[in-house]
Structures are given as structure tokens and as C-alpha cells.
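Reading through the C-alpha cells given below for one structure.
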Amino acid sequence: MIPPVLPTYNRAPLAFVKGAGSWLETGDGRRYLDLGAGIAVNALGHAAPELVAALTEQAQKLWHVSNVYTIPEQERLAAALVDRTFADTVFFTNSGTETAELAIKMARKFHHENGQPERIEFIAFEGAFHGRSTGAIAAAGSEKMVKGYGPLMPGFRQLPWGDAAAIREAITDRTCAVILEPIQGEGGIRPFPPALLKEIRALCDQTGTLLIFDEVQCGMGRTGRLFAHELSGVTPDIMMVAKGIGGGFPLGAVLATEHAAKAMSAGTHGSTYGGNPLACAVGLRVTEIVSEPAFLADVARKGAILRQGLESLVARHPETFTGVRGEGLMLGLHCTRAPADVVSAGYREGILTVAAADNVLRLLPALNIPDEDITEALSRLDKVAESLKAAA
């Protein structure tokens, strides 16, 4: 008999009733150190006082009016994002998946209005994750994402991750856009090499192809930069943002240059909820906090502490861990066994992590995690490795 909640998730046997900072608590009082942050969503931890205040203040004034009307909170957040990035304009959504749909539409509309309607092909990469809508799964192309959902949206081609020769051959004057995550999240915390990003940018410029960066997981301060592409010095034409931008409140955004967005006139896209006053009030406060240079420098510092500790963990437990990769507080532990086993062992030690592809365990803590919680996390991960070794 099917349950009231559609059974599409393999849920952990845990139910949390409250949280504070980097800690979550179950109804029976068990406390867990959260290194997943809702899959990189709770950028400032659980029940962040600054965000509670922003949400409460706005909730007492106005929740929703729809995009039929001007929304001052939306305009303030858009201006803040434009001021801090390459972008000239912003469209607000409720999720990362919705940003993928608009990015695809915007790119195709650009070429259509530019007199090249045949330019519909997107180049994407193995291991990518861009959401779960039909367009987003067509971009990812993996069997587990697309099986049973055909026919898929046409015009997507997946290349091997990091294969420079394949990219050079694939990009032509008929390509619509290249879409990629500067650091793959679901794919196993795999950063695109800066030199390769620079080459892709140059190839796009030479052929008139648009470049779309998916920073849904790696953006909003997670790497010690406001956005991960800043590490390479390469800027996109269109960028997808979500997860951390709302600090736990559903919010996404598509950022674009004026050039890339020039075909998106009134009526070409819309959203009933996207960018409502509640979401944008919280998003503005998140953006103000995480974009501060001192805050970003501290993310990088904390990331270095965590990485050093993880490297030591790898050295002590080579039977379980073989390496560390990633940037800032978006780190991955490569495992010798299925990462789901490590996640489950973590439950027993009171620590929460997230599995990814390529046998990688994702560590995505709150960006303001205290140093003492990093120390405690490393201690608990050490116990996880010890318990797995004892059970082997």
C-alpha cells in the first residue's frame, strides 16, 4: 500500500525536530553534527538568528503578491547580485531545477532571435547534475536519471568529464551553449581545471556559443569565493544559483549578461512564486553576509583546517579513505567502499554526511561552522573509520 508521501526517496531512519548552528536534534534528544547542511543549502547553519530576524520582519509585512506587481525586495536582491557579479540582470525562481529550465530557454531564445534558430545543441558533461525536470535530466543524460522518461528533450550531448580534445571537437558554430558545474557536486566533488575552463570560454567566444555555469551547489561562498568560477578567472554568460542563496528558504536565481538575456522580453518566462517578498528578504540577508570579504576569507581558512584534518584522516585510515578533493567547504573524501556505508556508519557516531558518485563522501558544512565543531567532526569521522575497520 502506497504511503501518503510518494516514496521516491531512500530516507535515512532519522527525523529531526530542531537545529541550531551545525547541530540537529531528534525528537528523543539525540544530537547530530551536520556536515551536509541540507546538501549545501543551510549556508549559515540551522536557525541562523540573522535569517530568522529577516524572515520574521518580512513575514509581518507581506508574504506574496505575484510577479504581476513590482516587488521591492526582489529589486534589492537583484541589485545586490548584479553589484557583486558579472551579471547585468537576474530572474528569481524557487529551486535549482527551475534555474536549469530558464537557462536552457534563454540560450535557445538568444540564438533564435539572433537569426540562428538551428543552434539548439547543448554540450554537457558526464557526471553532471542540473536538476530533475525533463530538460535538466536531458542535460545530465545518465541512465539513472533518464531511464523510463523518454522521449527526452532533444539537443543535448554529453562529453567525458575533463576531456579537452572532445570539447574542442564538439563545439562548433551550431552549438547553442556549453553547460557545466565549475565543481561537480553529485558527480563526486570534481573541480574543472582552471586551464580547461579558460579554453572552453575561448572556444565559446570564437564560435558565438553561450557559456552556462551551474553554481547551484558550488556557489554562494562555498569555495571561499562568492562563486566558484572566480577561482579560475572565467566568467559565464548565464549562471544558475540556488541552494545556499536562501539559507534554507526555497530560492533560486538565473544571473545573465545583458547580451545573453536580450531576447527575454515580457511574456517569455514567468513564475507565480519566484522571487516573492519572503524569499528575497532572506536571500538579501544571506547575500550581504556571505559576500563580505572577511566572511569569505574565513570560509577559506576553515576549509583549509578541515582539509588538513581530512588528509590526516586519509593517512591514518587508508583502508577506508584514499584522498581529498574540492575547494573551501565543498570537500570530498574518496572512499574504498560505497560512500553510503560510510554515511550509515556516521549515523551511529552522530555525524551527518552526504554520498556522491565516484565513491565520494561529500562534506558540505555550514559556512560559519565554528572551529571547535570542525575538530569534533574530524574526531567523529575518525571513529567512523575505526568502526568500519572493526566490522570488516
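The values are calculated or read from the model by the stated rules, or taken from the named source; none is laboratory data. Remember, it's a predicted structure, so these values are computed and weren't measured experimentally. Every residue, glycine among them, receives a Cβ derived from its backbone with ideal geometry; neighbour counts consider all protein chains shown.
Worth a mention:
- When Asp382 is tested against (1) free of Cβ contacts under 8 Å to residues at least 60 places away in the same chain; (2) closer than 30 Å to Phe295 by Cα, only condition (1) is not met.
- Scanning region 91-109 for residues that are outside any helix (DSSP H, G or I) and out of contact with any Ser or Thr (no Cβ under 6 Å at 6 or more places or on another chain) yields Phe91, Phe92, Asn94, Ser95.
- In region 359-368 there is at least one residue matching the filter, namely being modelled with pLDDT of 95 or more and over 21 Å from Gly188 (Cα atoms).
- Qualifying residue in region 134-141 (condition: buried (at least 23 other Cβ atoms within 10 Å of the Cβ), touching a strand residue (DSSP E or B) at 6+ places or on another chain (Cβ under 8 Å) and either touching a residue at least 40 places away in the same chain (Cβ under 8 Å) or polar (S, T, N, Q) (or both)): yes
- Looking only at region 134-192, and only at residues there that are touching a His at 6+ places or on another chain (Cβ under 7 Å) and of a type in the set (Gly, Ala, Ser), the one that is farthest from Gln116 (Cα to Cα): Ala140
- Qualifying residue in region 236-243 (condition: within 15 Å of Arg84 (Cβ to Cβ), of a type in the set (Gly, Ala, Ser) and touching a Leu at 6+ places or on another chain (Cβ under 9 Å)): no
- Taken over region 345-376, residues that are more than 19 Å from the chain's Cα centre (by Cα) and on the phi < 0 side of the Ramachandran plot amount to 13.
- Residue that is within 25 Å of Ser271 (Cα to Cα), aliphatic (A, V, I, L, M) and touching a residue at least 12 places away in the same chain (Cβ under 8 Å), where the choices are Leu203, Leu152, Leu197: Leu152
- From the list Ile351, Ile374, Ile289, the lone residue that is in contact with a strand residue (DSSP E or B) (Cβ under 9 Å, 6 or more places away or on another chain) and either surrounded by 16 or more Cβ atoms within 10 Å (Cβ to Cβ) or under 30 Å from Val82 (Cβ atoms) (or both) is Ile351.
- Test: residue in region 74-89 that is polar (S, T, N, Q), within 20 Å of Lys243 (Cα to Cα) and surrounded by fewer than 18 Cβ atoms within 10 Å (Cβ to Cβ): yes
- Any pair with Cβ under 9 angstrom, 6 or more apart, that starts in region 55-82 at a residue that is not assigned by TED's automatic domain parsing to the domain that holds Pro277 and ends at one that is assigned to a helix (DSSP H, G or I) and surrounded by fewer than 12 Cβ atoms within 10 Å (Cβ to Cβ): none
- In region 299-338, of all residues being part of a loop (DSSP other than H, G, I, E, B) and in contact (Cβ under 8 Å) with a residue 60 or more places away in the chain, the one that is surrounded by the most Cβ atoms within 10 Å (Cβ to Cβ) corresponds to Leu329.
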